[in-house]
Amino acid sequence: MLEQIDYDYKTQPFDHQRDALEESWYKTYHAYFMEMGTGKSKVAIDNIGVLYIEGDLNAALIVAPKGVYDNWVQGEIPAHLPDNIKRKVMRWTPATSKRYSEELDTFIDDPFDGLKLFVMNVEAFSSPRGTRAAGRFLVANPE
């Protein structure tokens, strides 16, 4: 461990989760090669939270399988990201309604004094709309 992390966990991590976060949070690139059910999602959310608090990140694109990406929006983010972190969370949907398109445009393009989290399913990248939305989000929110 290089340095102690000063972070107000919403849910206390297990030792292996704390160790994984402390090993990774300061690195430019890192992968969590953890077994299923060991809390990779919590560690990733805590990593996003630490980077946001440190001023190194203000947006994140989260990509998960179609069967679980809703759980990030409804379960994982609310359960693990500290409440003192102001955030906007948007869930990708293949819907083409005018209302959703306007909400997506506003979410992607409008400045926000907080953390933006765009949650997409990996299958969205098989469509031009999904690929364009992810690309626009990343260009508009580079940090």
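The values are calculated or read from the model by the stated rules, or taken from the named source; none is laboratory data. All figures in this text were calculated on a predicted structure; none of them were measured in a lab. Counting neighbours? That spans all protein chains shown, and the Cβs are built from the backbone with ideal geometry, glycine included. Just the protein is used for accessible areas: all its heavy atoms, side chains included, with ligands, DNA and RNA removed. Shrake-Rupley method; radii C 1.70, N 1.55, O 1.52, S 1.80 Å.
Please work out the Cα center distance from the stretch 64-143 to the stretch 41-60, rounded to the nearest Å.
Answer, in whole Å: 15.
Suppose we look only past 18 Å in the calculated P(r) of the chain. What percent of the Cα-Cα pairs does that tail hold?
So the pairs more than 18 Å apart make up 58 percent of the total in the chain.
Treat each spin label as a single point 7 Å out from the Cα along the C-beta direction, and report the ASP56 to ASN71 distance in nm.
For ASP56 paired with ASN71, the spin-label model returns 2.8 nm.
Based on Cβ point charges of +1 for Lys and Arg and -1 for Asp and Glu, what charge dipole magnitude is obtained for the stretch 42-143 about its Cα centre, in debye rounded to the nearest 20?
400 debye
Which order do PHE137, PHE33, PHE125 take by accessible area at a 1.4 Å probe, largest first?
If we order PHE137, PHE33, PHE125 from most to least accessible, we get PHE33, PHE125, PHE137.
Under a cut-off of 19 Å between alpha-carbon atoms, report the lysines in cross-link reach of LYS66, not counting same-chain residues fewer than 8 places apart.
Once the sequence-local lysines are set aside, what remains near LYS66 is LYS40, LYS42.
Suppose a student asked you for the relative contact order of the stretch 1-77, using Cα pairs under 8 Å spaced at least 6 residues apart; what percent would you report? Don't skip to the end; give the middle numbers.
Numbers: 39 pairs, mean separation 21.6, N = 77.
Computed value for the stretch 1-77: 28 percent relative contact order.
What does the net charge come to around GLU103 if you take all other residues with beta carbon closer than 15 Å to its beta carbon, with K and R at +1 and D and E at -1?
Net charge around GLU103: +3.
In the stretch 103-143, with Lys and Arg counted as +1 and Asp and Glu as -1 at Cβ, which of these residues, SER127, PHE137, LEU115, has the Cα nearest the positive end of the dipole, that is, farthest along it?
My answer, from the dipole projection, is SER127.
For the stretch 75-143, what is the Kirkwood hydrodynamic radius in Å, using each pair of distinct C-alpha atoms?
Computed over Cα pairs of the stretch 75-143, the Kirkwood hydrodynamic radius comes out at 13.0 Å.
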